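See below for the structure under consideration.
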Amino acid sequence: MIGKPKNRRKQSERSGKSLWAKLPKLNWKRIGMTVVSLAGVSAAAGVILWSLDKPIDKVMVAGRFARVSAADVERAVKQQVRAVGLVSVDLDTVRRAIEQIPWVDSVTVQRAWPHGLAVVVTEQVAAARWRQSGLLNTRGELFVADARHVPLELAQLSGPDGTETDVAKHYLAWQGRVAEAGMRITAIRYDARGAWEFDLGNGVTVRLGRRQCDDHFERFMSTAVKVVSQRASDIEYVDMRYTNGFAIGWRGSTTVARHADEVDPQHG
């Protein structure tokens with residue numbers, strides 16, 4: 001009983017030696033050559049990149065420009081690439097610099113071998129005015145807070161600070177419906193109390209109130225828009241703040257309610 005563990009230990013030692021013997025012998029000479037080869041490839045790649053990293057001396061700008069100048073774009077690019085080459089230039093940095101130019105909406109920048117950059121610029125599209133001199137794009141974003149030249153044909157929207165996007169979304173939704181009736185919205189006002197009203201191009205003001213303004217707008221389109229289109233010159237305003245129906249304020253006359261109950265105090 002005492003000798004058996006020794007025999008097992010010897011068998012284990014012999015088994016371990018046999019396993020090591022079966023492993024392939026490392027060819028350190030070949031490994032060394034491989035490491036040297038990889039180092040050579042890395043060095044060669046570095047030389048190639050260095051040879052390609054030439055100064056950028058050509059900027060190709062493309063886009064449909066009405067407000068943005070191609071010269072301003074090129075100037076913004078050159079300010080970012082003075083000390084870098086075509087390989088080392090940070091394209092995101094160049095893109096962000098161009099996006100700071102007024103009226104620029106989006107930009108793509110690509111390398112144009114062997115020593116140039118290709119820039120494609122998309123201009124902002126002004127959908128409406130914000131207050132007196134701000135401009136909103138089609139996403140409802142205020143992209144110019146104080147424009148020098150404001151297109152007066154754009155609708156004028158107004159509201160408390162931070163409501164630009166919400167007011168613009170209502171305008172874009174309502175304008176499409178109003179256009180189907182042969183009219184257009186020239187202004188939307190959203191006041192500090194939360195009340196909505198808009199002006200039509202024919203001089204009529206439509207009052208929607210504070211709550212359920214979209215429902216009131218739909219009721220205007222289904223019940224009152226026909227009267228407005230037929231007698232716009234006689235109408236000063238249309239009040240949709242009633243629980244049922246609407247009221248018309250005639251020019252130089254008193255208000256006449258059409259199938260209207262009392263004004264809902266929650267919507268006034």
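Things to note:
- Listed by position, the strands (runs of 3 or more DSSP E) enclosed by the range 99-153 that each have at least 2 residues that are among the small types (Gly, Ala, Ser) are 104-112, 116-123, 126-130.
- Residue in the range 179-195 that is within 18 Å of the chain's Cα centre (by Cα) and of a type outside the set (Ser, Thr, Tyr) present: no
- Residues in the range 112-124 that are surrounded by 14 or more Cβ atoms within 10 Å (Cβ to Cβ) and at pLDDT below 95: 3 in all.
- Positions within the range 97-146 being among the charged types (D, E, K, R) and farther than 30 Å from Gln175 by Cα, in sequence order: Arg111
- In the set Leu142, Leu172, Leu208, Leu200, only one residue is of a type in the set (A, V, I, L, M, F, W, C), surrounded by 14 or more Cβ atoms within 10 Å (Cβ to Cβ), out of contact with any Leu (no Cβ under 7 Å at 6 or more places or on another chain) and within 13 Å of Ala127 (Cβ to Cβ); that residue is Leu172.
- So Arg67, is it in contact with a Phe, Trp or Tyr (Cβ under 8 Å, 6 or more places away or on another chain), outside any helix (DSSP H, G or I) and at pLDDT 70 or above: yes
- Flag if Asp239 is on the phi < 0 side of the Ramachandran plot, surrounded by 11 or more Cβ atoms within 10 Å (Cβ to Cβ) and at pLDDT 90 or above: yes
- Some residue of the range 184-191 being touching a helix residue (DSSP H, G or I) at 6+ places or on another chain (Cβ under 9 Å) and not in a strand (DSSP E or B): yes
The values are calculated or read from the model by the stated rules, or taken from the named source; none is laboratory data. This one's a predicted model, so the numbers in the text were calculated from it and none came from an experiment. Using ideal geometry, Cβ is built from the backbone for each residue, glycine included, and neighbour counts are taken over all protein chains shown.
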